[in-house]
1. Please tell me which of these pairs span more than 22 angstrom C-alpha to C-alpha: LYS117/LYS150; LYS292/LYS457; LYS117/LYS179; LYS77/LYS108; LYS129/LYS159; LYS94/LYS179?
2. Could you tell me the relative contact order of the chain? Use alpha-carbon pairs under 8 Å, at least six residues apart, and round to a whole percent.
3. So if the hydrodynamic radius of the stretch 38-196 is defined as the Kirkwood radius over C-alpha pairs, what does Stokes-Einstein give as its diffusion coefficient at 4 °C and 1.567 mPa s, in µm² per second?
4. Can you pull out the trypsin sites (Lys or Arg not before Pro) in the stretch 308-383 that DSSP calls coil and that have at most 10 other Cβ atoms within 10 Å?
5. Can you tell me the 0 to 90 degree angle between the C-alpha axis of helix 3-32 and the longest principal axis of the chain, rounded to 10?
6. Can you give me the C-alpha center-to-center distance between the stretch 254-290 and the stretch 29-91, rounded to a whole angstrom?
7. With only alpha-carbon pairs counted, each pair once and no self-pairs, how large is the Kirkwood hydrodynamic radius of the stretch 34-110 in angstroms?
8. Let a ≥ b ≥ c be the square roots of the eigenvalues of the Cα gyration tensor of the stretch 247-381; is it rounded (a/c under 1.5), or, if not, prolate (a/b larger than b/c) or oblate?
Amino acid sequence: MPTRLLRGSLAFLIFSVFLLTLISSITAQADVSQQPQITYSDSSGLSFNADAQSLGGLQNPKFQWFVNGKAVSGATKAAFKATSKQKNQSIQLKVTAGGVTASSVVAKIGQVIVNAKPVVAFADATGKKVVVTAGSYSPKTAKVSYQWYKGPIDIAGAKTASYSPATADQGFKIYANVKFTAKGFIDHKVDSNEIEIPVVKRNYVQVWQDEFNLAAGASPDSSIWQPENGDGTKAAAGAGWGNKERQYYIPTLAKVTSAGALQIDAKTAGAGEYTCYYKGPCEWISSKYITKGKVGFKYGRIEARIKGPVGAGTWGAFWMLGADIDDRRWPWCGEIDVTELLGKTPNLSNGYLHGLISDAAGRGTSVDMPKGFADDYHTYAIDWLPDQIDWYLDGVLYGSQQKLDKDWVFDHEFYLIMNLAMGGNFGGGIEAGLTQANMSFDWIRFSTINGVGEVIKH
């Protein structure tokens with residue numbers, strides 16, 4: 001063979017060996033860069049194996065087992081047997097191939113091993129559901145349980161592998177705490193990654209309204225409203241409307257004004273013509289109108305433009321009761337107070353819910369009104385969603401209540417109520433010398449929220 005050809009063949013052979021070695025080294029490095037996993041080989045909680053699948057077919061891998069961070073002499077095989085004295089101590093495996101070393105998770109001897117943390121992701125592009133995959137763990141017989149968290153607070157009832165984020169979760173990061181349990185092994189709890197729940201913009205479409213655009217002196221539209229008269233004695237609430245109120249309701253004290261607003265008057269003049277539960281002539285007369293049996297609502301935005309009353313002891317309200325009140329008495333039927341305006345606190349608007357647990361005390365909040373509620377008209381609103389109710393004053397959010405427990409009885413039809421009460425448990429003592437008061441409704445409107453909400457006409 002010519003010398004030139006021999007030299008060429010030899011050079012090609014050397015290059016080929018170099019290339020194969022390089023490829024082998026790169027492959028080994030790529031494979032070993034994947035974290036090796038360790039598994040239990042029996043139910044003792046002491047016997048371990050390097051998971052072959054996680055090694056990715058490495059060529060000539062070298063093993064070293066570590067206990068409490070120290071290399072165990074002679075522990076250089078794919079299998080390792082710990083002693084009973086080493087139980088509860090940390091264990092880790094390091095694998096070297098192609099000049100690269102990769103380490104397993106640091107586990108605890110006798111505890112369920114979690115090689116790959118649980119992962120949380122959205123179920124699909126809608127973002128309406130998140131799911132958690134448990135990851136990789138040993139022994140495979142371990143049972144998996146879940147608890148979802150929003151920050152440091154556990155989400156009540158969220159104990160499955162999937163979770164539908166609530167309205168209150170929007171803008172926050174949530175995660176799942178996953179518990180692994182196996183007979184004969186120590187339990188292991190691991191947090192998943194966090195995932196931020198996007199804020200869904202609320203789009204409102206007005207679908208119903210009462211603008212009170214009737215002739216001056218007209219009563220409320222009878223296709224929408226009906227009066228609820230008396231002192232409560234004959235009603236489900238009982239005498240004094242359940243609150244020891246001092247007024248007797250008659251229909252004629254709610255009239256449309258020339259300005260196109262509905263004004264409810266309360267006065268002492270003429271009250272003595274009626275007998276009240278407190279065993280004598282009534283002290284006050286006023287009006288109360290409800291949409292019960294005519295128009296109902298379920299979810300959506302409900303808002304009203306109202307000018308509140310003046311004088312201690314006045315109690316103006318725009319609120320709602322469950323339409324099933326005749327079958328399920330208060331508070332089982334539920335009560336939603338869009339606003340309650342008390343003359344004794346003329347700078348506060350009160351927004352509350354009343355359910356099975358909160359009862360008369362309610363759950364909600366109040367908002368300060370620097371100029372008071374009687375200075376001019378203000379807009380009071382709620383966003384009523386299947387899992388949350390929010391309160392707004394002049395377009396500004398000031399309170400929120402979530403669906404948490406049995407106190408939530410707000411998943412059915414409700415009807416509207418507008419009234420001006422006097423005194424009682426909440427209204428307080430009536431100002432000496434006060435003989436008349438009034439509150440006005442400019443309009444009441446209802447809108448759907450992202451398509452949620454309905455008007456029920458009877």
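1. LYS94/LYS179
2. Once normalised by length, the contact order is 13 percent.
3. For the chosen part, D equals 75 µm²/s.
4. LYS371
5. 40 degrees
6. If we compute the Cα centre of each part, the gap is 84 Å.
7. In the stretch 34-110 this quantity evaluates to 12.4 Å.
8. Cα axes put the stretch 247-381 in the rounded bin.
Where a number appears in this text, it was derived from the coordinates with a stated rule and is not lab data. The shown structure was predicted, so the numbers you read here are calculated from the model rather than taken from an experiment. As a convention, Cβ positions derive from the backbone with ideal geometry for all residues, glycine included, and neighbour counts pool all protein chains shown.
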